[in-house]
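The values are calculated or read from the model by the stated rules, or taken from the named source; none is laboratory data. Here the structure is a predicted model, which is why all the values come from computation and not from measurement. Positions of Cβ are backbone-derived with ideal geometry, glycine not excepted, and every protein chain shown enters the neighbour counts.
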Amino acid sequence: MLAAATELRHAEQVRKYLSAKKLLHPDFLPVKELGFIYFPLAKKAAVPSAKVVLVKFSFPAKKHQPALDDLLKGKLTVRELTLLPRSQEIVGNLLILEIPPELEKKEKMIAEAFLQANKHVATIVRKQRMHGGVYRLRKVRILAGKKTKEAVHQENGVKLKIHLENTYFSARLANERLRIAQQVKPGEEVLVMFSGAAPYPLVIAKRSPAKMVYGIEINPLAHRYAIENVALNKLEKKIRIFQGDVREVVPKIRKKFDRVVMPLPKTGEEFLDVTLRKAKPGAIVHLYAFLEEKYFAAEAKKIKEICKQQGHPVRVLRTVPCGQFSPYVFRVCFDLKVLR
Ligand SMILES: C[S@@+](CC[C@H](N)C(=O)[O-])C[C@H]1O[C@@H](n2cnc3c(N)ncnc32)[C@H](O)[C@@H]1O
């Protein structure tokens, strides 16, 4: 086989050149021998700082990740393959498999295939019960791989340790968290109600010029992860996390905020009174809801009415769909400006 041979000290420079010119053989790994490194070549070409030679030894083969369809071929019918959702949520190295009821009997085999096809995934779990209850928790069942429900997830430059059953977390909201962080102006004091394991406080503290971010979470276990996550990201000087019901905790914080985030789509609206009492005139409120698109305008009108009745009229700056709850129902964020 043809190879580009070079002294080890030129290895990186030669590798970069070969990679940029697409000259590296896709199926084999380089070999080091007696102070030289041999890069297997896909075709003959002159390579600066290297000699192109015909070598007698064989190069170790690269292990290719098998494609999911190849792994499932012959085990699922063509129809069954079309039923299988390809885009699954990945939290750290845990993959949360969604399988339609028709494929339930083959769940273990499907899980093994997902495990083999995703080299960064160590565990496959299946959703057992949707998010529910005050803490918005779900149940999952391990189908394949390492027996753990805890993971360290990375998003927007922060690390988040979470437990799939003890804390609410959605990896799919990464862009939305960044959208909020990008609106924060220098020196803002931000309140994140319903902060969970602290993904919003962390992303805002890390990716914005906020002065201080406060987080309030009622679930003691999620709160413990939040505290650990603040330390994990060395953001103790920019984040304060409190455990308890926002109705009790927020009134005790002796300050008003420039921005309040309310990521509790099912019932967040019921806490607008708490928010408005702590929002500075001109403050921005991000209120989430689950709604069909046809109800967006009516909901915006209802929110304006509630706020007016509380003595704090708001302007709806924008209505931002930021996720899919079900085929017709969106997770939507109302960005509100408190007028007084
Ligand atoms: C939809 S989850 C969002 C968690 C987190 N912000 C995130 O995006 O991952 C809502 C969170 O609000 C918490 N929660 C519900 N009611 C609360 C209340 N009255 N006071 C404080 N937290 C509350 C739940 O325990 C849950 O962790």
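Some notes on this structure:
- Among the candidates Glu155, Glu217, residue that is closer than 30 Å to Ile124 by Cα and either exposed (fewer than 15 other Cβ atoms within 10 Å of the Cβ) or not assigned by TED's automatic domain parsing to the domain that holds Ile284 (or both): Glu155
- Where strands (runs of 3 or more DSSP E) sit wholly within segment 233-340, those with at least 3 residues that are touching a Lys or Arg at 6+ places or on another chain (Cβ under 8 Å) occupy 257-262, 279-292, 314-324, 329-338.
- If the condition is being away from the ligand (no atom under 12 Å from the Cβ) and more than 22 Å from the chain's Cα centre (by Cα), then segment 257-274 contributes Phe257, Asp258, Arg259, Glu269, Leu272, Asp273.
- Members of segment 198-218 found to be without any contact (Cβ under 8 Å) to a residue 40 or more places away in the chain, within 6 Å of the ligand (Cβ to nearest atom) and either not in a strand (DSSP E or B) or not acidic (Asp, Glu) (or both), listed by number: Ile216
- Residues within segment 178-197 that are more than 19 Å from Ala279 (Cβ to Cβ), more than 9 Å from the ligand (Cβ to nearest atom) and buried (at least 22 other Cβ atoms within 10 Å of the Cβ), tallied: 0
- In segment 106-145, the residues that are surrounded by fewer than 15 Cβ atoms within 10 Å (Cβ to Cβ), modelled with pLDDT under 95 and more than 16 Å from the ligand (Cβ to nearest atom): Lys119, His120, Gln128
- Being among the hydrophobic types (A, V, I, L, M, F, W, C) and away from the ligand (no atom under 14 Å from the Cβ) is a property that Phe242 lacks.
- Qualifying residues in segment 150-194 (those that are of a type in the set (Gly, Ala, Ser) and over 14 Å from the mean Cα position of the chain (by Cα)) - the one nearest to Gln88 (Cα to Cα): Ala181
- Listed by first and then second residue, the pairs with beta-carbon distance under 6 Å, at least 6 apart or on different chains, first residue in segment 269-291 and outside the structural domain of Met193 (by TED's automatic domain parsing), second part of a helix (DSSP H, G or I) and at pLDDT below 95, form an empty list.
- Residues in segment 65-103 that are within 27 Å of the chain's Cα centre (by Cα) and free of Cβ contacts under 8 Å to residues at least 24 places away in the same chain: Asp69, Leu81, Thr82, Leu83, Pro85, Arg86, Ser87, Pro100, Pro101.
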